[in-house]
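A short reminder: the numbers here are calculations on the coordinates, not readings from a lab. Since the model is a prediction, treat every value here as computed from it, not as a measurement. Glycine gets a Cβ as well: all are built from the backbone with ideal geometry, and neighbour counts include every protein chain shown.
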Amino acid sequence: MTLKSMTGFSRSDGGRGTLSWHWEMRTVNGRGLDIRLRLPAGYEALEAKARDACKQSLARGNCSLTLTVRDEAGTSRIRLNEDAFAQAVEAANHAQGQLKGAPASLDGLLAIKGVLEFVESEVDEEEAAARAQAILTDLKKALSDLVAARTAEGEQLAKVIAEQVDEIAQLTARIEAAPARKPETVRARLEEQVVRLLQETDKLDEQRLHQEAVLIAAKADIQEEIDRLKAHITAARDLLASDEPTGRRLEFLTQEFNREANTICSKSNDTEISQSGLALKAVIDRIREQVQNIE
């Protein structure tokens, strides 16, 4: 069985020279694949490749991916954003002319957000490319560890669901073999009801009453529901053994299981069958909870 959970966590650390970094990944269940990526300033160019790597490894789930980078040499420096500074001076001079006030001070202009910037010391293109490649390599390691964690949890989920499918099969067999479904039992019960009605009134047409009893018996028959349950059981076992992401199909299958169980309960006029039908619905509810976390 190769089911994967949508829940997982991983972390990968790396470094090159004075630069160190770590990736942190968390995934939880979701209807599709939603990637939320947080990169530090200056590393925006990695976003497209990081997203592509996630899409290649993950099919479903809400994924939070964070990159943290630190330069141990502390080589950041302050740089004047000349364009922003020129715009600030122009705006200050315009305001002074309008209000006839005192000229703007230098420290006031420099305090405007964006005029002064903290930037890392520049590296040549070759070193920058080597750093980016090393960071992406560690991302792939984090993804590999995440997939391994999701696979390990998926294996446990598969065992639990397989046991629950077996329980559905046992309950289906019990319903099919219920004594109340034997033709002679159904016939005796209907004859008893017809006799009771005929004893209570003499205005009923016995032939018409017999026809109505046959129709009632046909409507109460649950063989079709039993056959569909058996088909769903086979489909569930095939999905559990599949190499493809099957979470959505298993969710749909639980709806089909529940539909048949509801019909059996609504048609049943026997206590044993009703109890088995209710037990069936309880197992299906447990499966529904489990498959919501499968990729």
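Estimated from the Cβ-Cβ distance and a Förster radius of 25 angstrom, the FRET efficiency linking Gln255 and Ala173 is about 0.65. Between Thr151 and Ala86, the simple spin-label model (points 7 angstrom out along Cα→Cβ) gives 5.7 nm.
Amide H to amide H distances under 5 Å link Leu33 with Gly61, where only residues 5 or more positions off or on other chains count and H is placed in the peptide plane. Taking each residue as 0.36 nm, the span from Ala132 to Gln292 lengthens on full extension beyond its C-alpha to C-alpha distance by 54.0 nm. Couplings 3J(HN,Hα) of the range 283-292, computed from phi: 5, 4, 4, 5, 5, 4, 4, 6, 5, 5 Hz, in residue order, whole Hz [Karplus 6.51 cos²θ - 1.76 cosθ + 1.60, θ = phi - 60°; x for Gly and Pro]. Converting phi to 3J(HN,Hα) with the Karplus coefficients 6.51, -1.76 and 1.60 and the offset θ = phi - 60°, the range 264-273 yields 4, 5, 6, 7, 5, 10, 10, 4, 5, 5 Hz in sequence order, with x at every glycine or proline. Checking the Cα-Cα distances for Lys49/Lys140; Lys4/Lys159; Lys55/Lys159; Lys230/Lys281; Lys4/Lys49; Lys159/Lys281 against a 18 Å cut-off, the pairs over it are Lys55/Lys159; Lys4/Lys49; Lys159/Lys281. The 3J(HN,Hα) values that the Karplus relation (6.51, -1.76, 1.60; θ = phi - 60°) gives for the range 152-164 are, in residue order, 4, 5, x, 4, 5, 4, 4, 5, 5, 5, 4, 5, 5 Hz. Gly and Pro appear as x.
The ranking of Arg38, Arg131, Arg150 by Cβ neighbour count inside 10 Å, starting from the fewest, reads Arg38, Arg131, Arg150. The length gained on full extension between Asp71 and Glu125, counted as 0.36 nm times the residue separation minus their Cα-Cα distance, comes to 17.7 nm.
For Gln292, no residue has an amide H sitting under 5 Å from its own, ignoring neighbours fewer than 5 places away on the same chain, with H placed 1.01 Å from N. Listed by chain and number, the aspartates and glutamates placed with their C-alpha closer than 17 angstrom to that of Lys113 are Glu82, Asp83, Glu90; residues fewer than eight positions away on the same chain are left out.
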